[in-house]
Amino acid sequence: PATGLLYVAENNTWSIFYLTDTDPRGSMGLGGREEFHIGSGGDYLTAIDYKTGKAKWRHRYEGGKGGGGGGVLATAGGLVFAGDGAGSLVAHDAATGVPLWNTRIGEVTNAPQTYLLDGHQYLICATGDKLWSFLLY
């Protein structure tokens, strides 16, 4: 609420789909298919002004596996956490999108979360079958 922004992970790709098996219930689009990726417009973490619908900032992620991992976490402390698609968890400044911190832990598979325990705030994030925990303060 402090920034007035909605944070989203973008994975801009182009594909061709081929119908390989029709659905016996008709044209519901539930038949078998094959997908061939043919290009990419890049992966980004984007901050959208929810009042205007315009992007305030975009941070391009390199790596080609889609930024954002399994989701994005925005905190009241002015940080946005997301996986970068290349195996790192990244903290961004919520107002500007500038990366402030990162750690290479593997492909992020869920939205990072925070919790408070015994007066300390922690950040947790999963990579496959591993759960990572970081002490924030």
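Within region 32-122, considering only strands (runs of 3 or more DSSP E) that don't extend past its boundaries, which have at least 2 residues that are of a type in the set (Ser, Thr, Tyr) and under 26 Å from residue 133 (Cα atoms)?
Correct list: 32-49, 113-117.
Test residue 132 against the stated conditions and say whether it is under 17 Å from residue 61 (Cα atoms), aromatic (Phe, Trp, Tyr), over 14 Å from the mean Cα position of the chain (by Cα) and part of a strand (DSSP E or B).
no
If residue 97 satisfies all but one of (1) at pLDDT 95 or above; (2) open to solvent by 60 Å² or more (accessible area, probe 1.4 Å); (3) not β-branched (Val, Ile, Thr), what's the number of the condition it fails?
Every listed condition holds for residue 97 apart from (2).
Suppose we keep only residues that are open to solvent by 40 Å² or more (accessible area, probe 1.4 Å) and not hydroxyl-bearing (Ser, Thr, Tyr) within region 111-123. Which one would you say is farthest from residue 44 (Cα to Cα)?
Checked region 111-123; the qualifying residue farthest from residue 44 (Cα to Cα) is 118.
The values are calculated or read from the model by the stated rules, or taken from the named source; none is laboratory data. Every value quoted in this text rests on a predicted model; they were computed, and no experiment measured them. Note: areas computed on protein heavy atoms with side chains; ligands, DNA, RNA excluded. Shrake-Rupley method; radii C 1.70, N 1.55, O 1.52, S 1.80 Å.
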